[in-house]
Amino acid sequence: MNDANTIRRVDSKDLVEVSCGYRCDLDNTPGLFQGEAYDAIQRNIRLNHVALLPRDHGRAGPDVKLLLDSSQDVLVEVHQECPSKCSMTDQEIAQLQLDLEKAKRTAAEAEGKAAAATAMAEQARTDAKQTMADLPAKVQARVSLEAEAKRVHAEIKCDGKTDAEIMREVVGKLSPTLKVDGDDALRGAFQALVGSWDGGRKNVEAAIAGATDQVQKQDQAAQTNPVAEARERNYKRAQTLFGMTDKELDKADRAIRAKAYAATMTAGKVN
């Protein structure tokens, strides 16, 4: 320090405090050091100047100041030892940095878990609200399903069964040979079969119609039976030639049938 004006101000006690200037890389990640919280860390500190300042102007406070030898009135270099509690080796500093990074990761994980738990709780609340909103419709749908099932299958037991199990049992009852795969196909088959079910009335009507057709066919066959037609002609001829009444013709016909049956029995053709 050779500037005359600066030396004069130092001698007059005008400049007594010092302030160091430096550059650094600022890490704004907060954390804890020896139980005390901090907001940021200065890394890679690089000193670039020392400023002389008037009293109470130094950034580090009044204890950071020039120290002069009183006998020779010259600046002297003073080395002040750090307290033992602040003395750290490079290995200790490196370990401290590792611990700090680990603490940062742990804090980030905890923050992530907390955020996930909050999201899950919010989703659970949303799902619960939706479930409550959908409940009346689901109850009504279940009641309708059971009513439809019992209408076509009076013996069915619905308690403890899922909707799909009820529908599958009804489909099996109404159409035993029908095979369906998948919920959509099952529901479609159930709706089609139950919707067209009429309590069996159509089956009865079909059976009656079939029986009626059979009777009509038998009547037509009887009307065109050659034997019956031949008998009718013989009746008419006998009435014309011999003047026989219907009663007499029936009696004669029975006698002829009896003789024919007796002859068959004698020949061993009838057991």
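The values are calculated or read from the model by the stated rules, or taken from the named source; none is laboratory data. Just so we're clear, the structure is a prediction, and the values are computed from it rather than from any experiment. Quick reminder, even Gly has a Cβ in these numbers, built from the backbone with ideal geometry, and neighbours come from all protein chains shown.
Pairs linking a residue in region 130-146 that is of a type outside the set (Gly, Ala, Ser) to a residue that is surrounded by 10 or more Cβ atoms within 10 Å (Cβ to Cβ) and not in a helix (DSSP H, G or I), with Cβ atoms under 9 Å and 6 or more positions apart or on different chains, are Arg142/Cys158; Leu145/Cys158; Glu146/Ile156; Glu146/Cys158. Can you name the residue in region 10-42 that is part of a loop (DSSP other than H, G, I, E, B) and among the small types (Gly, Ala, Ser) and, of all such residues, is surrounded by the most Cβ atoms within 10 Å (Cβ to Cβ)? Looking at the filtered set, the residue picked out is Ala40.
Does at least one position in region 151-169 carry a residue that is closer than 26 Å to Val194 by Cα, free of Cβ contacts under 8 Å to residues at least 60 places away in the same chain, not hydrophobic (A, V, I, L, M, F, W, C) and not assigned by TED's automatic domain parsing to the domain that holds Ala185?
Scanning region 151-169, I find no residue that is closer than 26 Å to Val194 by Cα, free of Cβ contacts under 8 Å to residues at least 60 places away in the same chain, not hydrophobic (A, V, I, L, M, F, W, C) and not assigned by TED's automatic domain parsing to the domain that holds Ala185, so the answer is no.
Across region 168-201, the number of residues qualifying as among the basic types (Lys, Arg), at pLDDT 60 or above and assigned to a helix (DSSP H, G or I) comes to 3.
Looking across region 1-32, the residues that are in contact (Cβ under 8 Å) with a residue 40 or more places away in the chain and of a type in the set (Asp, Glu) come down to Asp11, Asp14, Glu17.
Output yes when any residue across region 119-133 is surrounded by 12 or more Cβ atoms within 10 Å (Cβ to Cβ), on the phi < 0 side of the Ramachandran plot and among the charged types (D, E, K, R), and no when none is. No, every residue in region 119-133 fails to be surrounded by 12 or more Cβ atoms within 10 Å (Cβ to Cβ), on the phi < 0 side of the Ramachandran plot and among the charged types (D, E, K, R).
Considering only residues in region 148-165 that are acidic (Asp, Glu) and not in a loop (DSSP other than H, G, I, E, B), the one that is surrounded by the fewest Cβ atoms within 10 Å (Cβ to Cβ) turns out to be Glu165.
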